[in-house]
Amino acid sequence: MAHSPPPKLWYLSNHRDALQAHMHLLHKLGNAKTETNYHAHYQTLIKDGTANGAASNAYLTSSNVSFKTIMKYRTGTLYNQKHAVLFKLSTNQICPLCPYVDSALRILSGCQHTQIGNMITTRHNLACRMIFKAISKTGFLRSCVVSMDIGRNKRMTMKILQIPQTAESRIVRKWLFPPRFSDKGRFTSSRPYFVLVNPIAAKTQKLQTNVGGWILQSGRGQLRVTGSVSAAPPATNRATNPRQHRPKDLSKPRRIIHLVKIKYCEDTRPQNQLNAAKEQHKDLCNILQGASVTLHIILLGVGCGWHHLQHSHSEAFQGTGY
């Protein structure tokens, strides 16, 4: 049998421009433009450091997501009415299912059709329950949850999730507000998906739990998020930790309040949803009574992006004599 000729070797002066030019010449690949909005937005995400690369790129090895759909969305080639107009296949950019301009983001997270809207809500609540399940693995953090609004209790039961005794209400608890704050104001205030209260303590053992590649750490009265991943320690409870107090028993100067907001957003431009989350809970953060109030905003991109940001507020009880 005749041997096949050895592959031809090509000299490339570098692995960037030269390789790009070579691939485009032979295969019409690699001639990507670096001055486009997509390139600029992704470069911004890399520089600001809010995105979690491991979690955002997990779709590459996951069998639970449509790789083809995600790649089309991330490259701006997911077909919609804007493309139809561009390709002379339509003269109307309106979504066929709802009376708004169509786009890739609308397809995945913004269509106002009733059935699709219910699917989007279900996806959001599922993400909240997954995060709560991760928090529940650490007994200390689980007992810090004082209220949560992540869907029906029946759904929680179906996911084998038990609601903590400290979190029986969907509304922020009355004892976190000023003494004379009206019930009407409390019922109409914004509702974070989770409200956690933990004590200020100089020598609190550091506990941590893994939430989708991020580590929620609780120590010295703080709830911090880091980018490293490690195994969560065994869960602890009040029986094994007699020094732990119920959140309601903490006085205001010893009370650290954490509000957790979870939103889906555009992967390349999460800033709009970030600003909306801050504005939504701004008044609540200024009203609640505690040593400090921190708003934790977890942004989940519709194309598998993952961002986490924190926004701290000054002491809510400042000037009240404490």
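The values are calculated or read from the model by the stated rules, or taken from the named source; none is laboratory data. If you're wondering where the values come from, they're calculated on a predicted model, not measured in any experiment. Neighbour counts are summed over all protein chains in view; Cβ atoms, including those assigned to glycine, are modelled from backbone coordinates with ideal geometry.
Go through the residues of the stretch 89-101 one by one and say whether even a single one is modelled with pLDDT of 85 or more, surrounded by 20 or more Cβ atoms within 10 Å (Cβ to Cβ), out of contact with any helix residue (DSSP H, G or I) (no Cβ under 7 Å at 6 or more places or on another chain) and β-branched (Val, Ile, Thr). Walk me through it before giving the result.
So the first thing to find is which residues in the stretch 89-101 are modelled with pLDDT of 85 or more, and the list is 89-101.
Keeping just the survivors that are surrounded by 20 or more Cβ atoms within 10 Å (Cβ to Cβ) gives 95.
Now restrict to residues that are out of contact with any helix residue (DSSP H, G or I) (no Cβ under 7 Å at 6 or more places or on another chain): none.
No, because not a single residue in the stretch 89-101 is modelled with pLDDT of 85 or more, surrounded by 20 or more Cβ atoms within 10 Å (Cβ to Cβ), out of contact with any helix residue (DSSP H, G or I) (no Cβ under 7 Å at 6 or more places or on another chain) and β-branched (Val, Ile, Thr).
For the structure I just gave you, tell me whether Ala291 is crowded, with 23+ Cβ neighbours inside 10 Å and either at pLDDT 90 or above or within 23 Å of Arg186 (Cα to Cα) (or both). Spell out the reasoning first.
Numbers: crowded, with 23+ Cβ neighbours inside 10 Å: no; either at pLDDT 90 or above or within 23 Å of Arg186 (Cα to Cα) (or both): yes.
When the stated conditions are applied, Ala291 does not pass them.
Is it the case that Arg74 is surrounded by 15 or more Cβ atoms within 10 Å (Cβ to Cβ), of a type in the set (D, E, K, R) and in contact (Cβ under 8 Å) with a residue 40 or more places away in the chain? Talk me through it step by step, then tell me what you get.
Working: surrounded by 15 or more Cβ atoms within 10 Å (Cβ to Cβ): yes; of a type in the set (D, E, K, R): yes; in contact (Cβ under 8 Å) with a residue 40 or more places away in the chain: yes.
Against the criterion (surrounded by 15 or more Cβ atoms within 10 Å (Cβ to Cβ), of a type in the set (D, E, K, R) and in contact (Cβ under 8 Å) with a residue 40 or more places away in the chain), Arg74 qualifies.
As an exercise: evaluate Gln162 against (1) of a type in the set (S, T, N, Q); (2) in a loop (DSSP other than H, G, I, E, B); (3) under 22 Å from Gly290 (Cα atoms) and give the number of the one condition it does not meet.
Evaluating Gln162 over (1) of a type in the set (S, T, N, Q); (2) in a loop (DSSP other than H, G, I, E, B); (3) under 22 Å from Gly290 (Cα atoms) leaves (3) as the failure.
Just to be sure I understand, how many residues within the stretch 27-53 are surrounded by 10 or more Cβ atoms within 10 Å (Cβ to Cβ) and farther than 30 Å from Leu309 by Cβ?
Final tally of qualifying residues: 3.
Could you check the stretch 68-78 and list, in sequence order, the residues that are of a type in the set (A, V, I, L, M, F, W, C) and either at pLDDT below 85 or under 28 Å from Gln310 (Cβ atoms) (or both)? Before you say what the answer is, go through the steps one by one.
Quick first cut of the stretch 68-78, residues of a type in the set (A, V, I, L, M, F, W, C) only: 70-71, 78.
Selection gives Ile70 alone.
Quick check on the stretch 165-190: of everything there that is more than 28 Å from Ala276 (Cβ to Cβ) and surrounded by fewer than 17 Cβ atoms within 10 Å (Cβ to Cβ), which residue is nearest to the chain's Cα centre (by Cα)?
So in the stretch 165-190, the residues more than 28 Å from Ala276 (Cβ to Cβ) come out as 165-166, 168, 175, 179-180.
Subsequent filtering for residues that are surrounded by fewer than 17 Cβ atoms within 10 Å (Cβ to Cβ) retains 165, 168, 175, 179-180.
Details: Gln165: 25, Glu168: 24, Trp175: 28, Pro179: 33, Arg180: 34 Å.
Result: Glu168.
Just the residues that are part of a loop (DSSP other than H, G, I, E, B) and under 17 Å from Cys265 (Cα atoms), please, taken from the stretch 79-106. Spell out how you get there, then give the answer.
In the first step, residues of the stretch 79-106 are kept if they are part of a loop (DSSP other than H, G, I, E, B); the result is 79-80, 87-93, 95-100, 102-103.
Residues satisfying the conditions are Asp102, Ser103.
Give me a count of the residues in the stretch 58-71 that are surrounded by 15 or more Cβ atoms within 10 Å (Cβ to Cβ) and farther than 22 Å from Ile116 by Cβ.
1
Which pairs turn up if I take residues in the stretch 30-41 that are part of a helix (DSSP H, G or I) and look for partners that are modelled with pLDDT under 80 with beta carbon separation below 9 Å, at least 6 apart in sequence or on another chain?
His39/Ala32; His39/Lys33; Ala40/Thr34
What number of residues in the stretch 3-18 are surrounded by 10 or more Cβ atoms within 10 Å (Cβ to Cβ) and among the hydrophobic types (A, V, I, L, M, F, W, C)?
The total comes to 2.
A quick yes/no check of all residues on (1) touching a Gly at 6+ places or on another chain (Cβ under 6 Å); (2) at pLDDT 95 or above; (3) over 25 Å from Gln289 (Cβ atoms):
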{"site": "Ala167", "(1), (2), (3)": "no, no, no"}
{"site": "Phe194", "(1), (2), (3)": "no, no, no"}
{"site": "Thr204", "(1), (2), (3)": "yes, no, no"}
{"site": "Ala231", "(1), (2), (3)": "no, no, yes"}
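Looking at the stretch 107-136, which of the residues that are buried (at least 18 other Cβ atoms within 10 Å of the Cβ) and not in a helix (DSSP H, G or I) is nearest to the chain's Cα centre (by Cα)?
Only one residue tops the list, namely Gly110.
Quick check on my filter: what residues within the stretch 277-306 are under 15 Å from the mean Cα position of the chain (by Cα) and assigned to a strand (DSSP E or B)?
Going through the stretch 277-306, the residues under 15 Å from the mean Cα position of the chain (by Cα) turn out to be 277-278, 295-306.
Residues satisfying the conditions are Leu295, His296, Ile297, Ile298, Leu299, Leu300, Gly301, Trp306.
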